[in-house]
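The values are calculated or read from the model by the stated rules, or taken from the named source; none is laboratory data. Treat the numbers as computed from the prediction; the structure is a model and nothing was measured. All Cβ positions, glycine included, derive from the backbone under ideal geometry; neighbour counts span all protein chains shown.
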Ligand code: ZN
């Protein structure tokens with residue numbers, strides 16, 4: 001079926017690679033100069049690496065420059081990373097911050113706000129929204145970037161915007177009906193809740209609602225959640241990615257194909273690095289996403305380590321968009337385990353398990369030392385009446401391909417494993433000395449508070 005691909009800025013979204021590279025060469029240099037000339041902290045950071053903006057000739061040189069990290073934002077709260085005179089700022093947003101800690105702050109000039117509005121508009125048009133749609137934003141327009149961000153973008157597209165905010169799921173659903181809402185923005189857990197609410201009200205989403213699509217993000221959400229959201233609301237649910245340090249939502253978004261997120265590569269330059277060594281990885285290799293902004297004025301970012309684990313590759317998407325595509329974020333670097341020198345992400349194990357249709361959503365992984373060697377064991381639940389030996393064989397093969405590690409799988413009947421409460425960890429690291437003390441005591445994700 002040929003899809004009706006829509007574009008917010010077709011020329012830029014389909015910019016040939018030669019021109020994209022030219023843009024990266026030019027704009028990263030401008031970003032470096034902006035930092036160097038306007039911010040002592042950032043200048044010192046570049047100086048400490050023995051560099052100046054003159055060491056940047058082409059995009060190939062970007063890898064010489066130091067990373068920015070979350071710590072740079074926290075240590076420079078509130079205005080420390082600002083690269084424009086204070087009176088040029090027109091807005092700030094912030095991450096929620098963990099208790100007792102300062103949040104990361106995003107600052108915006110008038111042009112930054114305009115650009116950001118274009119970026120979220122691009123997301124919405126990529127998922128098929130037009131000025132004929134009615135858009136309900138189920139996140140509040142406060143410090144959280146997902147509220148204002150999408151309300152601005154949807155207004156720019158020309159849709160009718162309902163800036164509902166969060167909570168009150170029954171009233172949200174009533175508005176869906178009354179205002180004939182076609183498009184919503186929600187965080188994944190709330191999108192699931194809305195689906196439940198529709199069922200609790202005895203409504204048939206296909207007959208009683210007008211919804212067509214949902215743009216969903218801000219927390220990692222597996223394919224199994226996507227299926228539930230799509231069924232519960234009778235929508236296509238599209239993933240999108242954004243972080244406050246970057247600009248908010250509008251960094252990348254799925255198109256109608258739902259096969260990876262188009263990074264708006266005329267605004268961001270992405271890299272993927274090994275989260276342990278910082279070494280640059282090749283196209284298609286899994287690691288930590290690093291972003292450089294090309295146009296941001298108030299607080300530009302240079303090689304910002306997002307902490308989010310993904311892969312990037314050059315787009316060959318049928319929609320015709322050029323630039324980079326990123327996989328759906330599969331976890332946080334603080335969740336990474338190192339077993340026998342190999343990086344192992346519990347979220348990646350989960351992804352493989354969820355690909356097997358005959359398993360339940362419940363699983364368990366144990367890492368333990370036997371003799372001198374570390375071993376990983378996975379237990380999954382097989383649905384009743386399915387072939388457990390087949391599940392075991394298939395999953396062992398898939399896990400080996402994904403991790404390059406032999407992971408024995410045990411299949412037990414559905415209902416055998418304990419159901420973890422909420423977002424509890426499904427893995428136990430029982431080694432006496434976990435490598436680097438990474439991962440096993442890591443905090444649980446939910447970080448992408450930016451979007
Ligand atoms: Zn596409």
Open item on the list: Name the single residue that is nearest to residue 236 (Cα to Cα) among those in the range 193-212 being outside any helix (DSSP H, G or I) and touching a strand residue (DSSP E or B) at 6+ places or on another chain (Cβ under 9 Å).
Closed with: 212
TODO: Please determine, by comparing only the residues of the range 305-315 that are within 11 Å of the chain's Cα centre (by Cα) and under 11 Å from residue 271 (Cα atoms), which one is nearest to the ligand (Cβ to nearest atom).
DONE: 310
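Per-residue answers, yes or no, for (1) modelled with pLDDT of 95 or more; (2) closer than 25 Å to residue 264 by Cα; (3) in contact with a helix residue (DSSP H, G or I) (Cβ under 8 Å, 6 or more places away or on another chain); (4) surrounded by 15 or more Cβ atoms within 10 Å (Cβ to Cβ):
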| site | (1), (2), (3), (4) |
| --- | --- |
| 24 | yes, yes, yes, yes |
| 46 | yes, no, yes, yes |
| 58 | yes, yes, yes, no |
| 81 | yes, yes, yes, yes |
Task: Top-ranked residue of the range 264-304 - restricted to ones that are within 16 Å of the ligand (Cβ to nearest atom) and buried (at least 24 other Cβ atoms within 10 Å of the Cβ), ranked as nearest to the chain's Cα centre (by Cα) - done: 264
- [ ] Within the range 176-185, identify whether any single residue is assigned to a strand (DSSP E or B), away from the ligand (no atom under 16 Å from the Cβ), within 26 Å of residue 325 (Cα to Cα) and touching a residue at least 60 places away in the same chain (Cβ under 8 Å), and answer yes or no.
- [x] no
Task: the range 316-336, residues that are part of a strand (DSSP E or B) and in contact with a helix residue (DSSP H, G or I) (Cβ under 7 Å, 6 or more places away or on another chain) - done: 331
TODO: Say whether the condition of being at pLDDT 95 or above and part of a loop (DSSP other than H, G, I, E, B) is met by at least one residue in the range 104-121.
DONE: no
Open item on the list: Suppose we filter 257, 230, 219 for residues that are within 25 Å of residue 356 (Cα to Cα), away from the ligand (no atom under 12 Å from the Cβ) and part of a loop (DSSP other than H, G, I, E, B); which single one remains?
Closed with: 219
Open item on the list: Within the range 333-347, take every residue that is more than 12 Å from residue 425 (Cβ to Cβ) and buried (at least 19 other Cβ atoms within 10 Å of the Cβ) and give me the one that is farthest from the chain's Cα centre (by Cα).
Closed with: 339
TODO: Answer with yes or no whether residue 323 is within 16 Å of the ligand (Cβ to nearest atom) and surrounded by 21 or more Cβ atoms within 10 Å (Cβ to Cβ).
DONE: yes
- [ ] Tell me, please, whether a residue that is under 30 Å from residue 92 (Cα atoms) and either at pLDDT below 90 or outside the structural domain of residue 304 (by TED's automatic domain parsing) (or both) can be found in the range 436-443.
- [x] yes
